[in-house]
Each structure stands twice: as C-alpha cells, then as structure tokens.
Amino acid sequence: MYWIFLSPHYDDVVFSCGGGIWELRQAGQEVEVWTICGGHPSEQINFSPYIQTLHRRWGLGQQAVALREAEDTQALAVLQVKGISFPIPDCIYRTSRNGQFLYNSDESLFGNLHSDDFAFVQTLSEQLTQKTPAGSRLICPLGIGNHVDHQLTRLAAERSGLPLWYYAEIPYIFRHPDWQNEFLEAIFPAQSIPISEAGFKHWLQAVCAYRSQISTFWDSLEALQQAFASHWHANPELRLWGRNR
C-alpha cells in the first residue's frame with residue numbers, strides 16, 4: 001500500500017499522524033507527505049505588519065518558509081518518509097490582484113475561504129488527480145479548527161474525485177473537544193493504527209523538530225511534550241476515517 005498524507009502546512013501531518021506514520025514505515029509501507037501550502041512568497045511583496053509579527057513570534061525572519069521547510073525535512077527524516085511541497089504559499093502570504101493580503105489577522109485565518117482562493121482549489125484538485133498513483137491511499141485533514149488552508153486542502157481533495165480517508169488535526173482537537181459531533185457525521189471509522197511506545201518516542205521527536213511553531217500553540221516545549229504524552233496515553237493509535245458513500 002502506498003500512503004499519501006496531505007498536510008496543509010509543514011507541520012500538520014506530523015503533529016496529527018506522526019506516530020501512525022512511523023508504525024506504517026516499520027511495517028514496510030511506503031509513505032509520502034505532501035505539503036499543500038509550502039510555496040515561497042513572491043519576492044516582490046512587502047511583508048505586512050501581521051506577517052512580521054508572526055515571524056517574530058516564530059523566531060524567524062525573511063527566510064521563514066525556507067527555515068520551516070528545513071524543520072519539516074528534519075521531522076520527516078525521523079519518521080523515514082519523503083516529503084513533497086506544492087507551490088501554493090501559506091495563506092498569510094497570499095494576495096489579491098491589487099496586492100492586498102487576503103488574510104491579515106488571526107481571526108481571518110479561521111474564517112471563510114477567500115473567493116480568490118477557489119482558483120487554487122480547482123488547480124490543486126487537478127494536480128492531485130494527476131499525481132496520485134493508482135491504488136494509493138490518499139488521506140486529508142478533516143478541517144477541525146476551520147483554518148483556511150485546511151479548508152482549501154480538503155475541498156481540493158474532495159473535488160479530485162479520488163477515494164479519500166481523513167485524519168483529525170492536532171492540536172485543534174485539543175481546543176475543540178466536541179469536534180466528533182460535527183466532523184464525523186457523514187463518515188465512519190475506517191482503520192486504527194496502534195502506536196507503540198517506540199512509535200510515540202519517534203513521533204514526539206519529529207514533532208519537536210518544528211521549533212518555530214511551539215509558541216503558536218504551547219507555552220513551552222515541556223507543555224507540548226505533556227500534551228502529546230497525555231493524548232497518546234488516552235489514544236494510543238492513529239485513527240483514520242473513510243467517507244460514507
């Protein structure tokens with residue numbers, strides 16, 4: 001089986017599925033992580049104050065995307081998987097035709113997908129159809145938390161017409177304890193992949209490679225480690241869901 005996990009950003013799949021991916025690799029399965037919004041911003045745009053604020057919080061500068069990509073390379077090496085990046089920039093870097101940033105606040109990141117982004121949805125759906133090898137298991141995010149890049153990824157995957165499975169996004173499930181009531185209405189449990197203690201250790205090591213993103217969700221590295229440990233002890237498996245067709 002060839003497994004393809006769609007990651008809206010350079011950390012989403014590893015955060016959400018890293019333990020299960022390590023177990024798949026130990027079982028001899030082929031796995032790739034496709035980062036959808038991994039493109040570099042145009043050199044012609046001037047970063048907005050909002051972008052600059054995020055870069056400071058991440059401890060990154062003008063080369064933020066390259067450094068996040070390097071973190072991802074380190075994380076995927078721990079899990080022994082290959083990564084592929086698509087050219088769509090992260091939503092914070094996307095602009096309209098007149099140069100206005102489409103998403104310029106924390107609130108906008110979790111609102112409605114901007115109308116300008118539907119062109120990306122269509123193009124991406126076509127690329128997924130063309131690039132996905134026959135017989136692969138394609139796995140996309142449910143969209144818990146409503147981040148616009150997660151919405152974009154799921155919409156494109158569903159428009160591709162390919163058979164899909166879904167994963168629940170960490171850390172958004174920590175912030176939305178009732179997520180199953182909304183997101184599992186039309187789908188059913190398809191598979192559980194047990195995560196061993198060794199799997200958890202490799203997962204945590206991979207997660208910690210995303211040093212720039214720790215402050216986005218946790219107060220410290222120790223808080224991140226505790227959150228993942230608590231989650232693994234309560235749910236020592238990766239659960240995937242298939243759409244009920």
Got at least one residue in the stretch 55-63 being assigned to a loop (DSSP other than H, G, I, E, B), within 25 Å of S96 (Cβ to Cβ) and aromatic (F, W, Y)? no
Could you go through the stretch 79-94 and let me know if any residue there is closer than 18 Å to L204 by Cα and part of a helix (DSSP H, G or I). yes
Is there any pair linking a residue in the stretch 83-106 that is surrounded by fewer than 16 Cβ atoms within 10 Å (Cβ to Cβ) to one that is part of a strand (DSSP E or B) and of a type in the set (F, W, Y), with Cβ under 9 Å and at least six apart or on different chains, and which? I84/W34
Among the residues of the stretch 113-121, is any under 13 Å from Q151 (Cβ atoms), surrounded by 13 or more Cβ atoms within 10 Å (Cβ to Cβ), without any contact (Cβ under 8 Å) to a residue 60 or more places away in the chain and touching a Phe, Trp or Tyr at 6+ places or on another chain (Cβ under 9 Å)? yes
Among the residues of the stretch 101-110, is there at least one that is assigned to a loop (DSSP other than H, G, I, E, B) and hydroxyl-bearing (S, T, Y)? yes
Restrict the check to the stretch 15-29 and report whether at least one residue is outside any loop (DSSP other than H, G, I, E, B), more than 21 Å from W232 (Cα to Cα) and either among the hydroxyl-bearing types (S, T, Y) or over 17 Å from the mean Cα position of the chain (by Cα) (or both). no
Only one of T153, T129 is more than 16 Å from the chain's Cα centre (by Cα), of a type in the set (S, T, Y) and farther than 15 Å from W3 by Cβ, namely T129
One residue is enough: does the stretch 81-104 have a residue meeting the conditions in contact with a strand residue (DSSP E or B) (Cβ under 7 Å, 6 or more places away or on another chain) and under 30 Å from A234 (Cβ atoms)? yes
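Take L24 and decide whether it is surrounded by 14 or more Cβ atoms within 10 Å (Cβ to Cβ) and touching a Lys or Arg at 6+ places or on another chain (Cβ under 9 Å). Show your work before the answer.
Values: surrounded by 14 or more Cβ atoms within 10 Å (Cβ to Cβ): yes; touching a Lys or Arg at 6+ places or on another chain (Cβ under 9 Å): no.
Considered against the rule, which asks whether it is surrounded by 14 or more Cβ atoms within 10 Å (Cβ to Cβ) and touching a Lys or Arg at 6+ places or on another chain (Cβ under 9 Å), L24 comes out as no.
Residue by residue through the stretch 130-151, note down the ones that are small (G, A, S), within 18 Å of W179 (Cα to Cα) and surrounded by fewer than 21 Cβ atoms within 10 Å (Cβ to Cβ). Spell out the reasoning first.
Within the stretch 130-151, the first condition is being small (G, A, S), and the residues that meet it are 134-136, 143, 145.
Within this subset, residues satisfying the condition of being within 18 Å of W179 (Cα to Cα) are 143, 145.
Of everything in the stretch 130-151, just one residue is small (G, A, S), within 18 Å of W179 (Cα to Cα) and surrounded by fewer than 21 Cβ atoms within 10 Å (Cβ to Cβ), namely G145.
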Positions within the stretch 27-53 being crowded, with 18+ Cβ neighbours inside 10 Å and of a type in the set (A, V, I, L, M), in sequence order: V31, V33, I36, I51
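Would you point out which residue out of S196, S220, S230 is more than 20 Å from the chain's Cα centre (by Cα) and touching a residue at least 12 places away in the same chain (Cβ under 8 Å)? Quick ask: steps written out before the conclusion?
Details: S220 fails: touching a residue at least 12 places away in the same chain (Cβ under 8 Å); S230 fails: touching a residue at least 12 places away in the same chain (Cβ under 8 Å).
After applying the criteria, what remains is S196.
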With the requirement that a residue be surrounded by 15 or more Cβ atoms within 10 Å (Cβ to Cβ) and among the aliphatic types (A, V, I, L, M), what does the stretch 202-224 give you? L204, A206, V207, A209, I214, L224
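What are the residues in the stretch 1-14 that are surrounded by fewer than 24 Cβ atoms within 10 Å (Cβ to Cβ), modelled with pLDDT of 95 or more and not in a strand (DSSP E or B), if any?
First, the residues of the stretch 1-14 that are surrounded by fewer than 24 Cβ atoms within 10 Å (Cβ to Cβ): 1-4, 9.
Now drop any that are not modelled with pLDDT of 95 or more, which leaves 3-4, 9.
Answer for the stretch 1-14, where residues must be surrounded by fewer than 24 Cβ atoms within 10 Å (Cβ to Cβ), modelled with pLDDT of 95 or more and not in a strand (DSSP E or B): just H9.
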When the residues of the stretch 3-51 are filtered to those that are in contact with a Leu (Cβ under 8 Å, 6 or more places away or on another chain) and among the β-branched types (V, I, T), which remaining residue is nearest to Q205 (Cα to Cα)? V14
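The values are calculated or read from the model by the stated rules, or taken from the named source; none is laboratory data. Not measured: the values here are computed from a predicted model. Neighbour counts run over all protein chains shown; Cβ positions are idealised from the backbone, glycine included.
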